[in-house]
Ligand code: AMP
């Protein structure tokens, strides 16, 4: 890895704080609000998220509720793509598809608008963090069910000890700025 890229990653990493035992005992919560409030980290994170996909044909960035919305629309703009939200149940107003998943803490389901993606659309799934991979994997199923083609995954942080990438397809690039 280039020296400058490593120093950018170090800078971003230092702006993220870890809150122990939130939202419940045993969880080391990665709080990106401290990254967002640092204007340099904000710009560098946008730059680093787009880097691996620049020059690729992307139709949509799918952002996962809710922290996947923070950089998701900006990433979509950087890649000349549209943005699609994947949301928690009951939030999307039109007809939806739903998929159940397991979180690092608890279980939930995610939804997407049925008419959000056209068949064969090239899609990047984005979230702030991948932990167990349950959320990204559920979003993967939603996109496949709508006939979309996932060409990449984009995260700010990957908690590699939780092996989230094992739940995602083997042949699709998973780009994380920071791996812990
Ligand atoms: P998972 O489905 O287990 O990969 O969990 C990913 C989702 O849960 C993401 O939307 C994260 O924002 C959130 N999440 C899970 N674990 C953490 C953590 N330790 N710190 C911050 N967010 C987390």
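The values are calculated or read from the model by the stated rules, or taken from the named source; none is laboratory data. All figures in this text were calculated on a predicted structure; none of them were measured in a lab. Cβ sites come from the backbone with ideal geometry, for glycine too, and all protein chains shown count toward neighbours.
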Practice item. Keeping to region 132-157, report how many residues are more than 9 Å from the ligand (Cβ to nearest atom) and touching a helix residue (DSSP H, G or I) at 6+ places or on another chain (Cβ under 7 Å). Key: 5
Exercise for review: Select from region 85-100 the residues that are at pLDDT 95 or above and part of a strand (DSSP E or B) and write down the one among them that is nearest to the ligand (Cβ to nearest atom).
Suggested key: 86
Check your understanding: Which of the residues belonging to region 52-78 are touching a residue at least 60 places away in the same chain (Cβ under 8 Å) and not in a loop (DSSP other than H, G, I, E, B)?
Key -> 52, 53, 60, 61, 62, 63, 64, 68, 71, 75
Exercise for review: Test residue 49 against the stated conditions and say whether it is in contact with a strand residue (DSSP E or B) (Cβ under 6 Å, 6 or more places away or on another chain), more than 10 Å from the ligand (Cβ to nearest atom), closer than 20 Å to residue 174 by Cα and in a helix (DSSP H, G or I).
Suggested key: yes
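Results for (1) modelled with pLDDT under 95; (2) out of contact with any helix residue (DSSP H, G or I) (no Cβ under 6 Å at 6 or more places or on another chain); (3) exposed (fewer than 12 other Cβ atoms within 10 Å of the Cβ); (4) more than 24 Å from residue 138 (Cα to Cα), shown as yes or no for each residue.
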{"position": "21", "(1), (2), (3), (4)": "no, yes, yes, yes"}
{"position": "27", "(1), (2), (3), (4)": "yes, yes, no, no"}
{"position": "32", "(1), (2), (3), (4)": "no, yes, no, no"}
{"position": "39", "(1), (2), (3), (4)": "no, yes, yes, yes"}
{"position": "54", "(1), (2), (3), (4)": "no, yes, yes, yes"}
{"position": "75", "(1), (2), (3), (4)": "no, no, no, no"}
{"position": "79", "(1), (2), (3), (4)": "no, no, no, no"}
{"position": "83", "(1), (2), (3), (4)": "no, no, no, no"}
{"position": "102", "(1), (2), (3), (4)": "yes, no, no, no"}
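Could you tell me which of the residues 128, 115 is touching a residue at least 12 places away in the same chain (Cβ under 8 Å) and assigned to a strand (DSSP E or B)? Walk me through how you get there before you give the answer.
On the way: 115 fails: assigned to a strand (DSSP E or B).
When all the criteria are applied, what remains is 128.
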Review point. Mind checking which residues of region 131-177 are more than 13 Å from residue 62 (Cα to Cα), surrounded by fewer than 19 Cβ atoms within 10 Å (Cβ to Cβ) and in contact (Cβ under 8 Å) with a residue 60 or more places away in the chain?
Key: 173, 175
